[in-house]
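The structure appears right after this line, and notes come after that.
The values are calculated or read from the model by the stated rules, or taken from the named source; none is laboratory data. These numbers come from a predicted model, not from an experiment. Positions of Cβ are generated from backbone atoms using ideal geometry, with glycine treated the same way; all protein chains shown enter the neighbour counts.
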Amino acid sequence: MKQSAHQGLIHQGLKLLLCFSGLTMTLDAAKAASVQDLLQTLKRHGFTVVQAHPRNRKAYGQFIPDQKQLIISPLTHQLGIARHVLLHEAVHAAQSCPNGTLRPLNLNRSTSPVVESRIRYLLNNHYDSRQQILEQEAFRLQSQPDAEALIIEALNDRCQVPGG
């Protein structure tokens, strides 16, 4: 009984930490800790994450390079996609380093044929051809089981700490 109550407190604490960042997600403890590490890394590199509706109302997330801001739609929590949208926009944050111009990270990761098919559909139907390389990379990385670690490493390698 004590262990169960303790686990509940840990889960509530992790959820509160995520809420503090403006995001509310229901995740297992390991994923919540990984997301929290990602949020802390983004903050350390001068990025902010806000929960708001993106300018494009059809989008679930948006990255604004000149403001170093990741916008995550409140709808993503209800749809169960908040983590994936955060990961996607965090890839764009890493792509924006070191100077604000988005460039591929060149992390050659593959995904399952089903995921690749969905990515191709999204790219062909919702993105300008000039954005497709960056978007394809973001979609591929968000689908990796170790996505948080990959993005944290890219942020640490490519981005400077403000004032550092």
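Taking residue 144, is it under 15 Å from the mean Cα position of the chain (by Cα) and part of a loop (DSSP other than H, G, I, E, B)? Yes, satisfied. Identify all residues within region 40-76 that are of a type outside the set (Val, Ile, Thr), crowded, with 20+ Cβ neighbours inside 10 Å and free of Cβ contacts under 8 Å to residues at least 24 places away in the same chain; write none if there are none. 73 - this is the single residue of region 40-76 that is of a type outside the set (Val, Ile, Thr), crowded, with 20+ Cβ neighbours inside 10 Å and free of Cβ contacts under 8 Å to residues at least 24 places away in the same chain.
Would you mind listing the helices (runs of 4 or more DSSP H) fully within region 64-135 where at least 1 residues are among the charged types (D, E, K, R) and modelled with pLDDT of 95 or more? Explain how you work it out, then say what you get.
Numbers: elements: 75-79, 82-95, 113-126.
Per the criteria, 82-95.
A single member of 79, 87, 107 is in contact (Cβ under 8 Å) with a residue 60 or more places away in the chain and farther than 16 Å from residue 131 by Cβ, and it is 87.
Looking only at region 70-91, decide whether some residue is acidic (Asp, Glu) and touching a strand residue (DSSP E or B) at 6+ places or on another chain (Cβ under 6 Å). Reasoning before the result, please.
Here is the first cut: in region 70-91, the residues acidic (Asp, Glu) are 89.
Next cut, touching a strand residue (DSSP E or B) at 6+ places or on another chain (Cβ under 6 Å) only: 89.
The answer is yes; a qualifying residue exists.
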